[in-house]
Amino acid sequence: MDQTLLNRAIEYEKEHEKSISPEERPLFHLSPRSGWLNDPNGFSFYKGQYHLFYQYNPYNTVWGPMHWGHAVSHDLLHWEYLPCVMAPDQDYDKGGVFSGSAVTLDDGRQLLMYTGVTDDIIKTNNQANQVQCVATGDGLTYTKYEGNPVISYTDIPEGSDPSDFRDPKIWRREDGSFRAICANRPADGSGQILLYESPDGFNWKFSKIFLSNESRYGLMWECPDFFTLDGKGVLLMSPMDMLPEGFEFHNGNGNICFLGKYDYDAETFEPEGVQAIDSGIDFYASQTMLSPDGRRIMIGWMQNPDGSSYRVVPRPWYGQMTVPRELSIKDGRLIQQPIRELEALRKNEVIYRDVLVDNECRLEGVKGRTVDMTVRIRPADPEHPYHKFILRFAMNGDYYTQLTFRYKENVLKLDRKFSGSRRAVINQRRCLVRKRSQELKLRVILDRFSVEVFINDGDQVMTALLYTEMSADNMMFFSDGAAVIDVDKYDLMD
Ligand code: FRU
């Protein structure tokens, strides 16, 4: 197989990464080795370490010819780059090596399953067909299967669109056989999830339509992921072209989680509940894996795809992943917590208890841009609760980003309007806090260019990028009406 394109990418990234200093990158969120990154791919534990591949254009900080970049880690926080594993160099994937996933074969090899785009989608105005392909490897180098594609664009239900057929998520059943779900666009122009089955990972056949959108949640669905967790079936995906619904879903490309009944033998899934995965601004294309100790861990592309063509500030790289999140189910809801490994990065503990905030308040030691901070906020007098509480961070004389909680409305707003962006991208998102209780608990994770807010122990999450200059590292609390807060703050350091 001709490796010219792959070797070129490997040479390029090795040379080019030298021009990006560690301080220009996030501390523990994965960014591309060079160029551009979008979806997480092939998220897995293989040969004693975590592997994360990613949609990758090594040559430029914009979306372009899709490769698969590769990084490995022992704790999902310290990443080591490995050479790019796939380039768009075959007839069936010359338009791009699109998203996919990974499993381990019985013979010890790792199997990557991905979407090949058969032609240049820019030239063909998005009409290039999409096929599913596999590659095998040893954790370092991978070889595309000579029988590719393993699922052709004709193996879809009648009337469905062969140019919107992608993002296989593969898993194995107890009997060792293989299943994969793919996103596809049926004749009605919305989305559907197709289930495929295989005895060996190489020979595939269509099984059934796993779930149809019927234009309820956006149109085409991208990057599906299915697993069982705490007795429930969980289907995650990223719908394109959504319409807003209350505080839960927003216009544009979003993210969604269905929880429901999964019949293991019949392989049917009946959704019982639906929710946003992340209610912030920047979250898309999530993928999960099972860690060796049995945790279901999710990672996403920390980016609003609709805003990804805007350059808020110039950067030598573009695109990063979220913090990996441990998933669980509680009261019929998906719960997310930052992986517990993050606690090992905590330094410089600063603790405050029962601090009265009535108007403006700054606390000694409460600042920084790589931070893990939990704040619990309650009214000083429950009979006369405060109206509005604000936590301001990434702040200096010019810039700040803030969280505002309105007690009566129970609404939390994330606002990065004054973070230094000069672009008309979405800068604010509000979320209705689901739990109504006197105390609001916020865990705020900052890593230089991002904030992730875990609300009430991960019951809801709001994620956003902020490209504010690093000297903006102050924090401030403000309350309109008296509030009492507890603060547990740590710097996150290597
Ligand atoms: C989602 C997505 C996927 C596709 C990939 C291409 O962000 O559009 O559907 O496989 O990106 O880079």
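The values are calculated or read from the model by the stated rules, or taken from the named source; none is laboratory data. Bear in mind that the values here come from a model prediction, so they are computed numbers and not experimental data. Cβ coordinates were reconstructed from backbone atoms using ideal geometry, including for glycine residues, and neighbour counts include every protein chain displayed. To get the accessible areas, we keep the full protein, side chains included, count just its heavy atoms, and leave off ligands, DNA and RNA. Shrake-Rupley method; radii C 1.70, N 1.55, O 1.52, S 1.80 Å.
In table form, for the structure just shown:
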| read-out | value |
| --- | --- |
| log10 of Debye I(q)/I(0), alpha-carbon scatterers only, for the chain at 0.09 Å⁻¹ | -0.60 |
| Portion, in percent, of the accessible area of the chain that falls on carbon or sulfur, probe 1.4 Å | 47 percent |
| Rg/Rg_ref, region 17-60, where Rg_ref = 2.2 N^0.38 Å and atoms are Cα | 1.27 |
| Arg311 versus Arg423: modelled label distance in nm, points set 7 Å from Cα along the beta carbon direction | 1.0 nm |
| Kirkwood Rh and Cα Rg combined as Rg over Rh, evaluated for region 148-217 | 0.98 |
| Rh (Kirkwood; distinct C-alpha pairs) - region 107-151, Å | 11.6 Å |
| Set of aspartates and glutamates with alpha-carbon distance to Lys489 below 15 Å, sequence-local pairs under 8 removed | Glu343, Glu349, Asp354, Glu364, Asp372, Asp447, Glu452, Asp473 |
| In order through region 338-354: 3J(HN,Hα) via Karplus (6.51 cos²θ - 1.76 cosθ + 1.60), integer Hz, x for Gly, Pro | x, 4, 5, 4, 4, 4, 5, 8, 6, 9, 6, 5, 10, 10, 10, 10, 6 |
| Three semi-axes of the equivalent ellipsoid, region 342-492, Cα gyration tensor, whole Å, largest first | 22, 18, 15 |
| Kirkwood hydrodynamic radius over Cα pairs of region 399-445, then Stokes diffusion coefficient at 10 °C and 1.306 mPa s, in µm²/s | 133 µm²/s |
| Per residue solvent-accessible surface (Å²) - region 39-194, probe of 1.4 Å | 34 Å² |
| 24 Å Cα-Cα threshold exceeded, pairs from Lys169/Lys232; Lys347/Lys408; Lys413/Lys441; Lys205/Lys330; Lys347/Lys367 | Lys347/Lys408; Lys205/Lys330 |
| Between region 387-410 and region 232-272, the alpha-carbon center distance in angstrom | 31 Å |
| Charge-dipole axis of the chain as Lys and Arg at +1 and Asp and Glu at -1 on Cβ define it, positive-most pick from Tyr46, Ser437, Pro162 | Ser437 |
| Distance cut-off 26 Å, percentage of C-alpha pairs in region 1-130 lying past it | 21 percent |
